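Have a look at the structure below before the remarks.
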């Protein structure tokens, strides 16, 4: 897949220690991190700060929304650290 990249996307190859072992998901995530719009982070951060349990919404729905927003606000943080931020 890396061979098919062109232009500025091809520069992503330098981010991998061994580009021959870079799987699809790692390449995809690296591309998203580099080219995903960054202006939306503040929008997601504000939405996360204002998120409240509203009437008719169950706890599972709000938990899913919190997880989604935390993922958008902190895309470079994974695992337990992201879970702590969500809490």
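Filter segment 8-45 down to the residues that are closer than 30 Å to residue 87 by Cβ and modelled with pLDDT under 75, then identify the one that is farthest from the chain's Cα centre (by Cα).
Across segment 8-45, the extreme among qualifying residues is 39.
So which of 85, 48, 69, 5 ends up being over 20 Å from the mean Cα position of the chain (by Cα) and surrounded by 14 or more Cβ atoms within 10 Å (Cβ to Cβ)?
Going through 85, 48, 69, 5 in turn, the sole match is 5.
Can you pull out the helices (runs of 4 or more DSSP H) entirely within the chain that have at least 3 residues that are out of contact with any helix residue (DSSP H, G or I) (no Cβ under 7 Å at 6 or more places or on another chain) and touching a residue at least 24 places away in the same chain (Cβ under 8 Å)?
Because the criterion is at least 3 residues that are out of contact with any helix residue (DSSP H, G or I) (no Cβ under 7 Å at 6 or more places or on another chain) and touching a residue at least 24 places away in the same chain (Cβ under 8 Å), the helices (runs of 4 or more DSSP H) in the chain that meet it are 24-35.
The values are calculated or read from the model by the stated rules, or taken from the named source; none is laboratory data. Quantities reported herein were computed from a predicted structural model and do not represent experimental measurements. When we count neighbours, we look across all protein chains shown, and the Cβ atoms used for this are built from the backbone with ideal geometry, even at glycine.
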